[in-house]
Amino acid sequence: MPHRAHHASHHKSRTSKAGATGPAPHDDLLAVVDEHGVLRHEFVADGPNRLWLWDISEHPTREGKLYICAIKDVWSNKIVGYSIDTRMKPSLAMAAMRNAIALRSPEGTICHSDRGGQFRAKKVQRLLENNGLVGSMGRSYGAGDNASMESFFALLQKNVLNTQRWETRQDLRLAMVRWIETKRRPDL
């Protein structure tokens, strides 16, 4: 039976050339040692608001790209916060997280992302800290590290994005919101 590995949950921040910060490039909070003694990362939760995954995806329209940052509760497999914008900046991630915080009022939730610059930004890390949330980031080029979020984006692609050629950002925005709100949101 797997057991939780005991690791320090406080890591020194690392700064990139651009000055973005973030937790050290490992996600010890999600580490388990399996029955063979192999350390691996496990994305499971035993209740709501214990573990959230978040990521950003871009989608084209004839007017230009549209970006969505979505936050998924691992326990319910539902989207608890999201934001859509024409620019992929830290403010996109912050708006999604503020949305999730306002709806869920979590405390101590682990928020796992890839190492994208939007998630490493100091103001994003400060938002997590100021709201009692715990940042967790996967390793650089860690394939499968955020596979659960990728599966959400694959469903969005199949059910919304690939259904037509989107003329305007507004049309695509409305279609994404409609699908998320009717199919992927929990009863809040």
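Suppose R0 equals 25 Å. What FRET efficiency, 1/(1 + (r/R0)^6) with r the Cβ-Cβ distance, do residue 182 and residue 89 give to the nearest 0.05? Don't skip to the answer; put the middle values down first.
On the way: r = 28 Å, r/R0 = 1.12.
Between residue 182 and residue 89 the formula returns 0.35.
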Work out from phi, with θ = phi - 60° and the Karplus expression 6.51 cos²θ - 1.76 cosθ + 1.60, the ³J(HN,Hα) of each residue of segment 99-106, listed in order in whole Hz, and give x for Gly and Pro.
-> 4, 5, 5, 4, 7, 10, 6, x
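Take 107, 150 and order them by how many other Cβ atoms sit within 10 Å, fewest up front. Working shown, then result.
On the way: 107 9, 150 16.
Neighbour counts put them in this order, fewest first: 107, 150.
Please report the projected area of segment 45-188's Cα convex hull averaged over all directions, in nm².
On the way: hull surface 32.4 nm².
Average of the hull's projected areas for segment 45-188 equals 8.1 nm².
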Put in order of increasing Cβ neighbours within 10 Å, starting from the fewest, 44, 134 give 44, 134
Placed amide H near residue 81: partners under 5 Å, 5+ positions off or other chain | 71
Can you run phi through the Karplus equation (6.51, -1.76, 1.60; θ = phi - 60°) for segment 56-69 and list ³J(HN,Hα) in whole Hz, with x for Gly and Pro?
-> 10, 9, 10, 9, x, 9, 5, 7, x, 7, 10, 10, 10, 10
Go through segment 90-180 and name the chymotrypsin sites (Phe, Trp or Tyr not before Pro) that are in a DSSP coil and have 12 or fewer other Cβ atoms within 10 Å of their Cβ.
-> 141
For the residue pair residue 147 and residue 98, what label-to-label distance in nm results when each label sits 7 Å from Cα along the Cα-to-beta-carbon direction?
-> 3.5 nm
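Read the figures in this text as sums done on the coordinates, not as results from a lab. Keep in mind that what you see is a predicted model, and the values were worked out from it rather than measured. So basically every Cβ, Gly included, is an ideal-geometry build from the backbone, and we count neighbours across all protein chains shown.
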